[in-house]
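The values are calculated or read from the model by the stated rules, or taken from the named source; none is laboratory data. Note that the structure is a prediction, hence the values are computed from the model and not measured. All Cβ positions, even for glycine, are placed from backbone atoms using ideal geometry, and neighbour counts span all protein chains on display. The accessibility values were calculated without ligands, DNA or RNA, using every heavy atom of the protein model including side chains. Shrake-Rupley method; radii C 1.70, N 1.55, O 1.52, S 1.80 Å.
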Amino acid sequence: MNLYGRTSLAEFLGDWVVYRNLIPADRDLPTLDDLRAEIGLGPKGIPRKSESNYARVIVRLLRAAQTQRGLASPLRRLLFVGDTRLLDATAFGNICIAGGWPGLAFIGSENGKPPAVEIIPHESGQSLYLANRWPALADFAAYAASHGFAVDEATMVIVDIDKTALGARGRNGQVIDAARVQAVEDTVAALLGSAYDAGAFRAAYDRLNQPEFHPFTADNQDYLAYVCLMLGSGLYRLESVVEAVRGGQLATFDAFIAGVDARRADLPPALAEIHAEIYANVQRGDPTPFKPFRRNEYQRTIACFGNLDDDAPLETRLNEEILVTQEVRAAALGWRRQGALLFGLSDKPDEAATPTPELAAQGYLPIHRALTHAVGE
Ligand SMILES: [Mg+2]
């Protein structure tokens, strides 16, 4: 593994990037709200990555980007680079169907086992190339070229950002998770003040973050942070919540927050205030209702970009800095030179990926523009 200097995702993506709210960083592209009527979406709600409406929005953005770069030729084929078989492959398949395109997806996740590649062909032309090493991306590029995926101006390449282009899964992704957990802790600690107990927080977070509790938390980190906050306030005990979830008396997060709302008079004023804000956001269908947490996540995340000196040991760097995945960067730059249209997708909430106006005025950047080191083989 080697260090390849400092860069940002903008080197190969520019501002052709969307975070979870589906508002492109390039303000000349249409936003989700511009596309709602055309796609038949209601006035509220943001399609999630696994949904077909998400794919329809992305197809529309890709076509707008092709027009913006002055190319009248239609897009004909799709390459996709991601890190999760379930979510990325689903989004990839939906985008191929919505665009009427053949596609080939590389799904990378390093696991330390001997190098292995599995190719899953799909009769309607949406094939998967699964690899357990990021350097296999170079082989994927060769495979694509020899299997009908000539890369030219009619080719799009969608690059997943989270744990693919940044913080490669199995190599550097733990830094992204650690920044998020630290942000939950910062938020809960600040709101609880002297009542905060770090050991109790960790116990609650680690326990309720387990897959067993995903039906309860919807695997939503905002919900989990809120539950940890309410446990820290003393309103509920961890063991009672665990038992109620296991026993089926407490099935959903909605039931939990409604229960807190019924007892809101028991909360200290600062917690009653944040509860009211989160409860209102949940009622509006906001999937990231805990705004102070997500703003802290941005701060903790951006603090891990380019934070180590050029001569830091590689092992330290992989554990403490969020890095550009050199293999993804090299492949993307190669495809771009061949004329492909590159577009980045991130499932990170916008509040966790982009600065507030106040921070932007101080020079803070969205994560696709923040400089950090590139590392890879
Ligand atoms: Mg990802």
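Numbers at a glance
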item: Dipole axis of the chain (+1 Lys, Arg; -1 Asp, Glu on Cβ), positive-most option in Gly248, Thr31, Gly259; result: Thr31
item: Computed over the chain: relative contact order in percent, which uses C-alpha pairs under 8 Å that are six or more apart; result: 26
item: Debye, to nearest 20: dipole size of region 173-298, +1 on Lys, Arg Cβ, -1 on Asp, Glu Cβ; result: 100
item: Heavy-atom accessible area per residue - region 101-197, 1.4 Å, Å²; result: 39
item: Hull-based mean projected area of the chain, where the convex hull spans the alpha carbons, in square nanometres; result: 20.2
item: Carbon + sulfur, % of accessible area of the chain - ligands and nucleic acids excluded, 1.4 Å; result: 51
item: With 10 Å bins from 0: P(r) over region 188-253, alpha-carbon pairs, percent; result: 22, 58, 19, 1
item: Measure of compaction for region 173-298 (Cα Rg per 2.2 N^0.38 Å); result: 0.97
item: For Leu166, distant residues with modelled amide H under 5 Å away; result: Thr325
item: Label-point gap, in nm, between Tyr4 and Asp177 - each point 7 angstrom along Cα→Cβ; result: 2.5
item: Relative contact order of region 205-321, pairs being alpha-carbon contacts under 8 Å that are 6 or more residues apart, as %; result: 22
item: Percentage of interatomic Cα-Cα distances in region 237-335 larger than 15 Å; result: 75
item: Packing-based ranking, highest mean first, of 136-144, 294-302 given that Cβ atoms within 10 Å are counted; result: 294-302, 136-144
item: Gain on full stretching of the segment that runs from Tyr196 to Ala303 - 0.36 nm per residue minus C-alpha separation; result: 36.1 nm
item: Protection proxy ranking of 339-350, 209-220 - average other beta-carbon atoms within 10 Å, highest first; result: 339-350, 209-220
